[in-house]
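The values are calculated or read from the model by the stated rules, or taken from the named source; none is laboratory data. Because the structure is predicted, anything quoted here is derived from the model rather than measured. Here Cβ is always computed from backbone atoms with ideal geometry, including for glycine, and neighbour counts include all displayed protein chains.
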């Protein structure tokens, strides 16, 4: 059983590629949470475990990380891209007061 680690920095629009972002800027989200990422991993069809006290090596504050279980058939880049797409979708359809994707785009 393969496990993949997804850090919030991988999807964070405020991070540069050298700071750990792994998706294109237009696919990134502002301040993604481990709860959103875990929900997105679940939507993709994998089990997810949240480790809230984990600290990404390039950051100082703990934001946690998500462990995706049973991802034998998916590469890490594919999984991160899918998670980013679903987090964007969750935010676009949410009325929870989060910044909408269409509002954060810069022409």
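Can you confirm whether the range 82-94 contains a residue that is loosely packed, with under 15 Cβ neighbours inside 10 Å, at pLDDT 90 or above and in a helix (DSSP H, G or I)?
Within the range 82-94 (the criterion being loosely packed, with under 15 Cβ neighbours inside 10 Å, at pLDDT 90 or above and in a helix (DSSP H, G or I)), the answer is yes, since at least one residue qualifies.
Please work out if residue 4 is in contact (Cβ under 8 Å) with a residue 40 or more places away in the chain, in contact with a strand residue (DSSP E or B) (Cβ under 9 Å, 6 or more places away or on another chain) and either farther than 20 Å from residue 69 by Cα or assigned to a strand (DSSP E or B) (or both).
yes
Residue-wise test of (1) closer than 15 Å to residue 89 by Cα; (2) at pLDDT below 95.
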position	(1), (2)
11	yes, no
19	no, yes
26	yes, yes
34	no, no
37	yes, no
48	no, no
66	no, no
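Within the range 27-71, count every residue that is touching a residue at least 60 places away in the same chain (Cβ under 8 Å) and surrounded by fewer than 12 Cβ atoms within 10 Å (Cβ to Cβ).
Of the residues in the range 27-71, 0 are touching a residue at least 60 places away in the same chain (Cβ under 8 Å) and surrounded by fewer than 12 Cβ atoms within 10 Å (Cβ to Cβ).
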